Every structure is written in structure tokens, then in C-alpha cells.
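For reference, the structure discussed in these notes is given below.
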Amino acid sequence: MIRLYGEARTREIIAEQADWICALSRRYGVPAACVQAILYQEITQLDLLDIAADLAVKFYWLRYRLRRALGFRRAEPALRWWAFGKRDSSTGYAQIFAYVAINAINFALERGIAEEAELLLPAAAPLHPEEPEHLRLIWARLHRDRRFNTLCAALNLLAAAQEMTGRIDFPGCSAEELKLILTRYNADVRHVTAYGERAYRMYLEYRQSSGGEDAP
């Protein structure tokens with residue numbers, strides 16, 4: 001496995017987004033250290049297979065748009081799962097799938113956590129993860145817009161917090177609850193995984209480096 005970014009470059013990338021991450025933290029109440037921990041986890045794991053997956057998705061939606069332009073009754077290519085038939089992938093620094101981002105966006109809008117205007121959505125809400133055009137537009141933006149990618153990661157952490165703890169009160173979370181939330185970002189499970197443990201350690205490191213109070 002050939003990694004795309006080493007630890008030093010990963011930390012630089014996260015530092016470059018510091019102002020944006022802090023703005024997201026103030027706006028949505030997600031600790032900056034949680035977002036930074038997720039970015040560190042995902043960026044350090046990026047490899048050539050991720051590039052290949054993104055290329056497959058690009059090609060899939062290129063075929064979709066061509067079929068639409070030619071007036072095909074079914075615009076979506078029939079062979080979804082062959083080498084060039086992948087319609088969604090975890091993309092960008094936060095490695096988030098379009099359908100996951102859509103669900104997180106809808107969660108935030110329904111709860112009044114975010115407003116449609118501030119998200120600058122490429123399609124009218126509510127978005128539907130099974131609607132091809134919505135999936136295409138959100139994936140494309142996640143792929144090219146780093147700020148939007150990180151924003152959706154923050155919203156996904158909020159959705160994960162609600163699912164795993166029944167609330168979005170990060171300051172009131174115990175260490176175990178934070179590990180569950182960080183785990184849920186990566187996997188649909190109800191127990192803390194190795195990913196969650198590693199992400200929590202990075203959360204503690206970033207929180208300490210920012211001068212925050214002792215974490216749970």
C-alpha cells in the first residue's frame with residue numbers, strides 16, 4: 001500500500017485548515033479537535049486505491065451525463081459495480097461518501113442546526129441519497145471543495161453523536177462516548193473500534209495543543 005501523505009504533510013494540511021475548522025466548531029458546536037482527529041486519521045490512510053476509486057466514480061458520472069444528453073430512457077449506466085461503474089466513493093481529505101454527506105446535511109437541516117443558504121447546496125433540499133443527480137452533485141463538490149468536504153465531516157460527527165449517544169452535546173460526552181462517535185464516523189457499528197481508539201488519541205493531542213481543558 002503506497003500512502004499519499006506522511007505524518008508531517010498531514011499535519012501541515014490540517015494546519016492550513018485551522019481557521020475554517022475553528023469557524024465550523026463555533027458554528028456547529030463540534031470540537032475542532034474532533035474534526036482534526038478525523039482528518040488526521042483519514043489523510044494518513046489515503047493511498048493509490050483511493051485515487052483509483054475516485055477516477056472510477058468520475059468516469060461513472062461522465063457516462064451518466066452522456067447518456068442523459070443522448071436521451072437514454074435510463075440515464076444511469078446499468079453496470080454499477082464493474083471497474084468503471086462505481087457511483088460513490090469516500091473522497092477528499094475527510095474521506096466522506098456522498099450518500100453519507102447527504103444524510104448528514106439532511107440531519108442538520110431537519111434539526112435546525114444548519115440553514116440551506118449557508119451550505120450553498122448544488123441542489124434544492126431535501127437531498128435524496130438515491131437520487132442520481134443529487135448524489136453526483138454532492139460527490140463532485142466533496143471531491144473538489146475542501147472546505148465543503150470538511151464541513152460535511154463536521155455535520156457527520158453531529159449525526160454520529162446523535163445516533164450513538166442520543167444527543168449532540170459534545171462537552172457533556174464521556175471518553176467512551178467520544179470514542180463511539182469517532183468510531184461511527186468510520187464504521188456502522190455499536191462498539192469502539194481500533195479506529196475510534198486512534199482517533200480519540202489524536203483528539204486528545206489536538207485538544208492539548210490548542211490549550212483546551214483536560215478532555216474526558
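Placing +1 on the Cβ of every Lys and Arg and -1 on the Cβ of every Asp and Glu, with nothing else charged, gives the chain a dipole about its Cα centre of roughly 980 debye.
Computed from backbone phi, the HN-Hα couplings of the stretch 198-209 come to 5, 5, 5, 4, 5, 4, 4, 5, 5, 5, 5, 5 Hz, rounded to whole numbers (Karplus: 6.51 cos²θ - 1.76 cosθ + 1.60, θ = phi - 60°; Gly and Pro given as x). Counting only Cβ charges, +1 for Lys and Arg and -1 for Asp and Glu, the dipole size of the stretch 133-176 around its Cα centre is about 340 debye.
For the chain, the residue among 70, 25, 204 whose Cα projects farthest onto the positive side of the dipole built from Cβ charges is 70. Its Cα gyration tensor gives the chain an equivalent ellipsoid; the semi-axes, largest first and in whole Å, are 31, 20, 15. Projecting the Cα atoms of 106, 124, 91 onto the charge dipole of the stretch 87-178 (Cβ charges, centred on the Cα centre) puts 91 farthest toward the positive pole. Across 32, 56, 123, mean-square fluctuation computed from a Gaussian network of the chain (C-alpha pairs under 10 Å connected) peaks at 123. Note on the chain: with a GNM built from Cα contacts shorter than 10 Å, the maximum mean-square fluctuation among 169, 50, 88 falls on 169.
Taking all protein chains together, 54, 188 sort by accessible area into 188, 54, largest first [probe 1.4 Å]. Taking every C-alpha pair closer than 8 Å and separated by at least 6 residues, the mean separation divided by the residue count of the chain gives a relative contact order of 21 percent. Placing +1 on the Cβ of every Lys and Arg and -1 on the Cβ of every Asp and Glu, with no other charges, gives the stretch 88-216 a dipole of roughly 380 debye about its Cα centre. Relative to the dominant Cα principal axis of the chain, helix 132-144 is inclined by about 50°.
When the chain is treated as a Gaussian network with alpha carbon springs shorter than 10 Å, the biggest mean-square fluctuation among 28, 203, 93 belongs to 28.
The values are calculated or read from the model by the stated rules, or taken from the named source; none is laboratory data. Since we're looking at a predicted model, the values are computed, not measured. All Cβ positions, glycine included, derive from the backbone under ideal geometry; neighbour counts span all protein chains shown. SASA here: full protein model, heavy atoms, side chains in, ligands and nucleic acids out. Shrake-Rupley method; radii C 1.70, N 1.55, O 1.52, S 1.80 Å.
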